[in-house]
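The values are calculated or read from the model by the stated rules, or taken from the named source; none is laboratory data. None of these values were measured; they are calculated from a predicted model. Note that each Cβ is placed from the backbone with ideal geometry, even for glycine, and that neighbours are counted across all protein chains shown.
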Amino acid sequence: MTKMKAILAALLCLALPGTASATGGTWCDAEDENVRFHFKAAHSRDGTGAWFGIEGHVETRFGRLPSHLRKFQITDANLTQRWVGPEGVLLQVQKYDADPFAAVMLTVSTKPVDEAVYEGTYELRITAGDGDDAHVVRKGKVSCSGD
């Protein structure tokens, strides 16, 4: 019986992960005449692995967009780029309709300014309709934090 316990203990040790991975998160905000944006998500502190608990919203304040594109929730499906590391935070959120084509793309790019504090810019691209104002790009400031 003692030999069986030793074998089970050895198998259990092999099955357990060898290192612990702490969980942290990232959150970003921007609000000006172009956009109201809030984002937060949890992920491992080393930046590897999946992001979860993704939530937030994008509300554009200009352009001719259908209401469901003018203001929408951020989900894993429309968070098309996500990266955080010592160099900063990069996020890209996209939402579109195929017919008639209309799209919103928000790109956030920051650099660290202090421990767990990032400052940078966003670029908001709106494509809707035809004519001179069909493709509009606006830029502004964004701040992010993490732990």
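Thr75: of a type in the set (S, T, N, Q), free of Cβ contacts under 8 Å to residues at least 40 places away in the same chain, within 18 Å of Ala30 (Cα to Cα) and not in a strand (DSSP E or B), yes or no? In short, yes. Among the residues here, Lys95 does not qualify as touching a residue at least 60 places away in the same chain (Cβ under 8 Å), more than 20 Å from His43 (Cβ to Cβ), part of a strand (DSSP E or B) and among the basic types (Lys, Arg).
Among the residues of the stretch 90-102, the ones that are at pLDDT below 95 and either in contact with a helix residue (DSSP H, G or I) (Cβ under 7 Å, 6 or more places away or on another chain) or aliphatic (A, V, I, L, M) (or both) come to 3 in all.
Residue by residue, here is whether (1) surrounded by fewer than 15 Cβ atoms within 10 Å (Cβ to Cβ); (2) farther than 19 Å from Phe39 by Cβ; (3) of a type outside the set (S, T, N, Q) holds:
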{"site": "Gly85", "(1), (2), (3)": "yes, no, yes"}
{"site": "Val93", "(1), (2), (3)": "no, no, yes"}
{"site": "Asp99", "(1), (2), (3)": "yes, yes, yes"}
{"site": "Leu106", "(1), (2), (3)": "no, no, yes"}
{"site": "Pro112", "(1), (2), (3)": "no, no, yes"}
{"site": "Leu124", "(1), (2), (3)": "no, no, yes"}
{"site": "Thr127", "(1), (2), (3)": "no, yes, no"}
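Taken across the stretch 111-119, residues that are among the aliphatic types (A, V, I, L, M), modelled with pLDDT under 95 and closer than 25 Å to Gly25 by Cα do occur, with at least one present. Annotation note: Cβ proximity below 6 Å between a residue of the stretch 124-147 that is touching a residue at least 12 places away in the same chain (Cβ under 8 Å) and a residue that is part of a strand (DSSP E or B) and loosely packed, with under 14 Cβ neighbours inside 10 Å (sequence gap 6+ or interchain) occurs for Arg125/Val137; Thr127/His135; Ser145/Val117.
State all residues of the stretch 41-68 that are outside any loop (DSSP other than H, G, I, E, B), of a type outside the set (Gly, Ala, Ser), buried (at least 17 other Cβ atoms within 10 Å of the Cβ) and free of Cβ contacts under 8 Å to residues at least 40 places away in the same chain; if no residue qualifies, say none. Of everything in the stretch 41-68, just one residue is outside any loop (DSSP other than H, G, I, E, B), of a type outside the set (Gly, Ala, Ser), buried (at least 17 other Cβ atoms within 10 Å of the Cβ) and free of Cβ contacts under 8 Å to residues at least 40 places away in the same chain, namely Ile54.
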